[in-house]
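Worksheet: the structure to be examined is printed underneath.
The values are calculated or read from the model by the stated rules, or taken from the named source; none is laboratory data. Nothing here was measured: the structure is a model prediction, and the numbers come from that model. Cβ placement follows ideal geometry from the backbone for every residue including glycine, while neighbour counts extend to all protein chains displayed.
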Amino acid sequence: MGSIRLPGKVMKIIDNKTILNHIIDQLSYSKFLKKIVIATSKNKNDDIIQNHSSEMEIPCFRGKLHDVLGRHYQCAKKFSFDPIVRIPSDKPLIDPLIVDQVIKKFYLDKPDYVSNFIYPLKYNVGTEVEVFSFAALEKASKLAKKSSDR
């Protein structure tokens, strides 16, 4: 909710649905996603996201506002995710076919990390997907000491 350019953007309404609803709807067409969890901060401004995720019957994990890396690590740990598929919550044009391509690449090549958002860009902005192993996330969380890395 704390976006500087467009505060509250994930709860903005487009065609009678929140951006978050549009994203969840799109992700429901993925062949490989088994569980969706919304990860947000413990900041009071994000209570609306937790309430909305409850209305959608989707689990919501809350962590530190200024520690996105730690939030993702604790969420993955709590829900036993491996691999982790990360899709930012401000991507209403996310394409489930692209999501599945990136997940499939992860399973076929078995890297620690794969993304479709690597330069030079071959995909449109707004379709970013990252897939990474729990081991890679755990290592990054342990090694990242500076707040700018978290």
_Pairs please, first residue from region 107-124 and closer than 15 Å to Ile87 by Cα, second anywhere and surrounded by 10 or more Cβ atoms within 10 Å (Cβ to Cβ) and among the polar types (S, T, N, Q), Cβ atoms under 6 Å, 6+ apart in sequence or on different chains._
Tyr123/Asn116
_Among (1) within 16 Å of Ser30 (Cβ to Cβ); (2) assigned to a loop (DSSP other than H, G, I, E, B), there is one condition Leu121 misses while meeting the rest; what is its number?_
(1)
*In region 50-101, which residue that is among the acidic types (Asp, Glu) and outside any helix (DSSP H, G or I) is surrounded by the fewest Cβ atoms within 10 Å (Cβ to Cβ)?*
Glu57
*For region 13-27, what are the residues that are surrounded by 15 or more Cβ atoms within 10 Å (Cβ to Cβ) and without any contact (Cβ under 8 Å) to a residue 40 or more places away in the chain?*
Thr18, Asn21, Ile24
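Matching residues to (1) modelled with pLDDT of 95 or more; (2) buried (at least 17 other Cβ atoms within 10 Å of the Cβ):
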site: Ile4; (1), (2): no, no
site: Val10; (1), (2): no, yes
site: Tyr29; (1), (2): yes, no
site: Lys42; (1), (2): yes, no
site: Asp46; (1), (2): yes, yes
*Residues in region 141-150: is at least one within 19 Å of the chain's Cα centre (by Cα) and closer than 24 Å to Ile94 by Cβ?*
no
*From (1) out of contact with any Lys or Arg (no Cβ under 7 Å at 6 or more places or on another chain); (2) charged (D, E, K, R); (3) in contact (Cβ under 8 Å) with a residue 60 or more places away in the chain, pick out the condition that doesn't hold for Asp100.*
(1)
